[in-house]
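One structure below.
Every number in this text was worked out from the coordinates using simple rules, so none of it is lab data. As the structure is a computational prediction, the values presented were derived from the model and not from experiment. So basically every Cβ, Gly included, is an ideal-geometry build from the backbone, and we count neighbours across all protein chains shown.
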Amino acid sequence: MGIDSLRELNIALLDSLIAGRDMGQTAQTVYLASGIRTAFFDLNYRLLTHTFGEAADKAWAFSLENGHLPSSVIGRNTKMGRRIAEMFATGQPAFFDAGEIGESRFLCLPIYIKGKTGGMLAASFNDRDDPRLVQDIAEALARLYGYFAGGEEWGAEYCGDVLTDDFARELLLYDGDLSKNLLEGLYSVSASDLPGRFEPGYAVAALGGFDGENRLKEMEEAERDLRAFVPRSFHLISDGVLLVFLYNMGGGLGGGIDADILAQLEGIARRYRFRCGISSKFELLAQRKGFRLQAAQALERGKSGEGYVFSASSMYTQIILSGALDRLGKQILELSDVVTLFEYDKRNQTSYLSTLEQYLLHGNKLSRAASSMFVDRSTMKYRLRKIKSMIQQDFENPDAAKRLLMGIAVFKAG
């Protein structure tokens, strides 16, 4: 994948975030996609990490071979040295034309660690490269390095596992600075831009004790099982609950949660005597907070039930009647089956959603529903068969009928 825009840069960085790559690997990924070489230096201009590639520039080759920038570049009495000093003083990037430092053009900018100047990033690029995009790339990588160098828990070394853990916090607790300070517009990036790694559908699961007891040791063991048996997930323990962000389940919003994933979650819940609540599937990262609350609702409602895994979909009526619409919002509680019918009607100028609504409102009485829509019985039968094939739901089942009717009411609300 090439990087020709800020959006593509965000996608490349998000891909590294999900993969847990370290700082050097992330910079190398960006270099291979953009051709922009980068190197990171401390305040004494010692080389910290860099991309690997053809080093055509003398200053670049010198720093890679000797571990620091040459005095001809950083000396206080040199033109370049004065411009770099000005860069640190103003915080503004310094651009160097071809021939000033090496054969390529260079951009240098400060790295900030916990709000203080902590080093410098140098980027090498060519005339064909867009200077604005080069600056975007350099600033993003500088923020990334500064973010991890400032972490008290891991010291100055960037750690891929920490990046993954922090991404889990962003996904599940909306806590941290990744999206705010590192990847501007992180959650506007479409998951479909990350083929094979972070595709829809998403869901959130919440595992907790039968009686709300906090059993940290068992949760830590369960988290290790998740790494082994549910690899397409991020997870963390918070307030006595093991939260799990699931991805790459596919099948579109109309399908249920992957049966293999449900089986693994049930196995883990049985092994450690947990209950598990799981949300409906969704595809917009910006909605993840509502679906986490949906999973929490399912867990809470399931604590008094039989079994180990409780889906928000199967407990839809209970969740709605508990007043969750005000807490979670209409969009989070919309049934995918209802949305499927609405979107089909919109594309094809049909009326399947209203047909289903009238059928359910009239107690599944074919003649009454047909009369209410001014159609004959055969037309009504055809429509109902078509609806059933689209949503794969048996709305003759009283519980399913009640759930769908309530879902239509939620969809039409305000």
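Run down the lysines and flag those whose C-alpha is under 27 Å from the C-alpha of Lys365, throwing out any fewer than 8 positions away in its chain.
Within the straight-line limit of under 27 Å, Lys365 reaches these lysines: Lys346, Lys381, Lys386, Lys388, Lys402, Lys412.
Assigning unit charges at the beta carbon (Lys, Arg +1; Asp, Glu -1) and nothing else, what dipole magnitude in debye, to the nearest 20, does the stretch 336-412 show about its Cα centre?
Numbers: 13 positive and 8 negative charges, 38 e Å.
Magnitude of the dipole: close to 180 debye.
Sorted by packing (mean other beta-carbon atoms within 10 Å per residue), highest first, where do 91-99, 379-387 land?
Numbers: 91-99: 14.6, 379-387: 16.4.
Descending packing order for the listed peptides: 379-387, 91-99.
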